[in-house]
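Visitor: Pasting a structure here, questions to come.
The values are calculated or read from the model by the stated rules, or taken from the named source; none is laboratory data. Note that the structure is a prediction, hence the values are computed from the model and not measured. With ideal geometry, Cβ positions are generated from the backbone for all residues, glycine too; neighbour counts draw on all protein chains shown. These accessible areas exclude ligands, DNA and RNA; they are computed on the full protein's heavy atoms, side chains included. Shrake-Rupley method; radii C 1.70, N 1.55, O 1.52, S 1.80 Å.
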Amino acid sequence: MTRTGSPYRGDQKQWSNVTKRLIAEHPLDPDQILEIAQTAWQHLWQTTIGTGKHRIRLSELRVPASVVGYFFEVLFARELERRSDGQWRQGQTADEKDLVYVPDPRYSTEVKTSGQLGDKVFGNRSYGQKTADDLRGKKEKSGYYITVNFYGRTLTLLRFGWIDADDWNPQLAPTGQMAGLPDVVYRWKLVDIRGDYQLQAPVRLLPGVGPGRAEALRQLGIATVGELIAAEVTMPTKTLVAIQDQARRRFQSRR
């Protein structure tokens with residue numbers, strides 16, 4: 001297993017250019033990732049469990065977000081393998097990335113999913129720890145990443161880029177189970193994959209929209225970002241007017 005040095009050095013304001021270069025070098029482009037992700041997401045919710053009269057659709061069950069994320073990763077890998085005639089495959093051992101690029105493992109890619117209401121992703125606590133075990137027999141944690149945010153049955157945000165192993169910060173509590181990423185990673189090292197799918201995200205994901213404002217919008221028949229952008233009703237407060245204007249600028253320019 002080859003250890004990967006960080007391509008990010010020096011002025012952080014130049015890191016976005018590094019990220020663009022890394023993405024341009026990768027055998028997958030954002031449009032391909034989006035198409036495969038949407039296909040895998042659709043297949044996920046068509047999945048059934050059991051047979052015959054006992055068959056149940058996954059959509060009828062209360063499935064933990066971690067299970068949804070795992071199923072999505074498997075279906076994404078299978079769809080990618082099918083489309084690439086075997087150039088890509090799912091990782092099979094502990095030292096392989098989730099998506100293995102057979103011709104050149106340097107481009108193998110991790111997938112991180114989160115079903116929490118928000119736009120962050122998390123690794124398990126080991127992602128923020130450096131031990132001797134990390135150097136023996138475990139996968140390289142630096143490299144290309146596809147991050148996936150969803151909420152319920154809605155795909156809300158895809159990103160593509162690079163994360164270094166030391167970007168992950170473990171929870172301070174000794175019993176903490178998750179490692180998070182600093183804002184600099186989301187700002188400079190991961191790129192949003194734009195698409196109409198973002199319009200299906202709940203309004204609660206917008207800055208400034210908490211439970212109270214989300215309820216005020218619901219009373220107007222507005223539950224998603226797309227509905228907010230398209231709404232022609234008069235907003236009851238200046239704050240909601242500002243939130244609508246911000247959403248229109250942010251999302252309509254991405255389509």
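Visitor: Against the longest alpha carbon principal axis of the chain, how many degrees, from 0 to 90 and to the nearest 10, is the axis of helix 238-252 turned?
Guide: 50
Visitor: Could you check the simple spin-label distance between LEU117 and LEU58, using points 7 Å along Cα→Cβ, in nm with one decimal?
Guide: 2.3
Visitor: In Å², what does the accessible area per residue of the stretch 174-246 work out to with a 1.4 Å probe? Mind showing how you got there, number by number?
Guide: Working: 3890 Å² over 73 residues.
Averaged over the residues of the stretch 174-246, the accessible area is 53 Å².
Visitor: Mind pulling the angle between the C-alpha long axis of helix 65-83 and the longest principal axis of the chain? Nearest 10 degrees, somewhere in 0 to 90.
Guide: 70
Visitor: Based only on Cα atoms, what Rg/Rh ratio does the chain have, Rh being taken as Kirkwood's radius?
Guide: Radius of gyration over Kirkwood radius for the chain works out to 0.99.
Visitor: In debye, nearest 20: dipole of the chain around its Cα centre with unit charges on the Cβ of K, R (+) and D, E (-)?
Guide: In debye, rounded to 20, the chain gives about 400.
Visitor: Additional query: 7 Å from Cα along Cα→Cβ at both ARG9 and ARG218: what's the point-to-point distance in nm?
Guide: So the label points at ARG9 and ARG218 sit 5.3 nm apart.
Visitor: Any chance you could look up the accessible area of ILE222 with a 1.4 Å probe, heavy atoms only, rounded to 10 Å²?
Guide: 10
Visitor: While we're on this one: Once both axes come from the Cα atoms, what is the angle between helix 30-44 and the longest principal axis of the chain, in degrees from 0 to 90, rounded to 10?
Guide: Tilt of helix 30-44: around 80 degrees.
Visitor: How far apart, in nm, are two points set 7 Å out from the Cα along the Cα-to-Cβ line at ARG248 and at TYR70?
Guide: A separation of 4.5 nm, rounded to one decimal place.
Visitor: Could you tell me which of the pairs LYS20/LYS141; LYS120/LYS238; LYS13/LYS97; LYS120/LYS189; LYS13/LYS112 are separated by over 23 angstrom between their Cα atoms in the structure shown?
Guide: LYS120/LYS238; LYS13/LYS97; LYS13/LYS112
Visitor: Out of the total accessible area of the stretch 165-229 (probe 1.4 Å, heavy atoms of protein only), what percent is carbon and sulfur? Please list the in-between numbers first.
Guide: Details: 1760 of 3310 Å².
Of all accessible area on the stretch 165-229, carbon and sulfur atoms account for 53 percent.
Visitor: Taking +1 at the Cβ of each Lys and Arg and -1 at the Cβ of each Asp and Glu, which of GLY221, TRP162, ILE49 sits farthest along the dipole of the chain towards its positive end, judged by Cα position relative to the Cα centre?
Guide: Among GLY221, TRP162, ILE49, the one farthest towards the positive end of the dipole of the chain is GLY221.
Visitor: Right, something else. Ignoring ligands, DNA and RNA, what accessible area per residue does the stretch 1-78 give at 1.4 Å, in Å²?
Guide: I get 65 Å² per residue for the stretch 1-78.
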